[in-house]
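What follows is a set of notes on a single structure, which appears directly below.
The values are calculated or read from the model by the stated rules, or taken from the named source; none is laboratory data. It should be emphasised that the depicted structure is a prediction, and the values quoted were computed from it without experimental measurement. Don't worry about glycine lacking a Cβ; one is built from the backbone with ideal geometry, like all the others, and counts go over all protein chains shown.
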C-alpha cells in the first residue's frame, strides 16, 4: 500500500490515509482520515505535516521541525523528542486536511494544544529529570 500511495501522490494525485497512532494528538485524532497531496516547490517547511517513511520503511505522519537541503527532522505533536533525520526523498506527500467525527478542517503549521498533552509532556520531562538525578 505504501508503494501505491507514493505512486499516486508523486503522479500529482491526492489521497486520504487513516491515522492509526496517537503521536499527532490533538491535531490529528486516532482513526481520522488525513488528505495527502503532492509536495510543492521548494518542499516542506517547518510546521508542515508530512507523510514520510522512517528509516525502517514505516509510514509516519509527523510535523517538520527542521528542514535542511536534503533532510528533515520530524516529530509528532504529542512526542517529546524528534525523530531521526530522514532524507527528503522519503517524504511521500503533504498532509493538508483532517476529517474526523467533528468534520473536516485544514491543517495548519502551528500545532493544536490540549491541556492533556501539555500535562503528559510535562510529566514525562519531570520523570526523565528524576531518573537523571538518581
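Cβ separations smaller than 8 Å between residues 6+ apart or across chains give the following pairs from the stretch 1-18 residues that are on the phi > 0 side of the Ramachandran plot to residues that are at pLDDT 90 or above: 12/38.
For the stretch 11-32, which residues satisfy the criterion of being out of contact with any helix residue (DSSP H, G or I) (no Cβ under 6 Å at 6 or more places or on another chain), outside any loop (DSSP other than H, G, I, E, B) and surrounded by 16 or more Cβ atoms within 10 Å (Cβ to Cβ)? The answer is 17, and nothing else.
For the stretch 77-88: of the residues being touching a strand residue (DSSP E or B) at 6+ places or on another chain (Cβ under 9 Å) and outside any strand (DSSP E or B), which is farthest from residue 21 (Cα to Cα)? Applying the filter and picking the extreme gives 88. Residue count for the stretch 33-76 satisfying the condition of being assigned to a loop (DSSP other than H, G, I, E, B) and within 19 Å of residue 120 (Cβ to Cβ): 1.
Checking residue 62 against (1) closer than 27 Å to residue 128 by Cα; (2) at pLDDT below 95; (3) surrounded by 18 or more Cβ atoms within 10 Å (Cβ to Cβ): exactly one of these is not met. Which one? Unmet for residue 62, out of (1) closer than 27 Å to residue 128 by Cα; (2) at pLDDT below 95; (3) surrounded by 18 or more Cβ atoms within 10 Å (Cβ to Cβ): (2). Counting just the residues of the stretch 90-128 that are in a helix (DSSP H, G or I) and either modelled with pLDDT of 95 or more or exposed (fewer than 10 other Cβ atoms within 10 Å of the Cβ) (or both), which one comes out farthest from the chain's Cα centre (by Cα)? The selected residue is 115. Residues in the stretch 45-59 that are surrounded by 19 or more Cβ atoms within 10 Å (Cβ to Cβ) and closer than 17 Å to residue 18 by Cα: 49, 50, 51, 52.
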